[in-house]
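Each value in this text was obtained by applying a stated rule to the coordinates, not by laboratory testing. Computed from a predicted model, the values in this text were never measured in an experiment. Methodologically, a virtual Cβ is constructed for each residue, glycine included, from the backbone with ideal geometry; neighbour enumeration extends over all protein chains shown.
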């Protein structure tokens, strides 16, 4: 048990150092109104979905760090400036940019070269489609359930712009005044983010310990993909890549690539393997990563709801593609 606690502590410390730095820098940039110049790019999305203007700013922040963007949403919700529905839909929207960022950092850089244009390209398109479906869901639900002119919107915007008056008002030509403004912004960022950071760190430690404990006891690994692989008529030589993919998608893709190139498996069958593996991998990924992140930021109830919805959309997309592939090959 002691080694498990030490491993949890090591994982938590290494992660939380990055989180603290990102929280502080994001809070500082918000206080200095640094995102105001580019947040207008996301304003059409928030306008259509009836989300507050602050959601456009956090959407921009999520291009660099979804966790940092969500802490801003959680802070405004805790202070009563955002409703739970606004916070929920804003958090879903903040999860969209990662799909487009991974198109360049993961799909084009690794997946397509290893799996080939057809299989790798289809895999990338499915990933992008998942992000677009999440975005469409936010637009539809926001327009259906959020008021078009919300008082919370202006309240939240005023919170972010309170200290931004320092940057929008005429600046003093004296360097000491500029340094004073920066110090004030830094203090506000530290005060505003420290409380939520402590909550994040505590819950992240608990959830990480729980996941590591379940993994060590073999509970998370107790699901056997072999019966399902036989049910879907997956070739026997793909059982190992399929099993490894569930634990590590990169490793599974690396093993599947040569099978495609050598003609050991058809491209359609390879896609079936990838979709089938995703149905197992995504819940495991959600337990290991999304659950600690979302619950530590938004609390258990809202955090678990976000994990279920986000994972459910991803699984539904893969399941739909899997069904279409099975019909096509049947």
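The range 272-330 and the range 57-119 have their alpha-carbon centroids 15 Å apart. Here the peptides 242-252, 68-78, 267-277 are ranked by packing, the mean other Cβ count within 10 Å, and the order with the highest first is 68-78, 267-277, 242-252.
Label-to-label distance for residue 21 and residue 145 is 3.7 nm, based on points extended 7 Å past Cα in the beta-carbon direction. Annotation for residue 213 and residue 316: the two label points, set 7 Å from Cα along the Cα-Cβ direction, are 3.3 nm apart. Can you give the FRET efficiency for residue 137 and residue 104, using 1/(1 + (r/R0)^6), R0 = 22 Å, r = Cβ-Cβ distance, to the nearest 0.05? Working from the Cβ atoms, E equals 0.35. Cβ-Cβ distance of residue 186 and residue 84, R₀ of 25 Å, FRET efficiency by 1/(1 + (r/R0)^6): the value works out to about 0.25.
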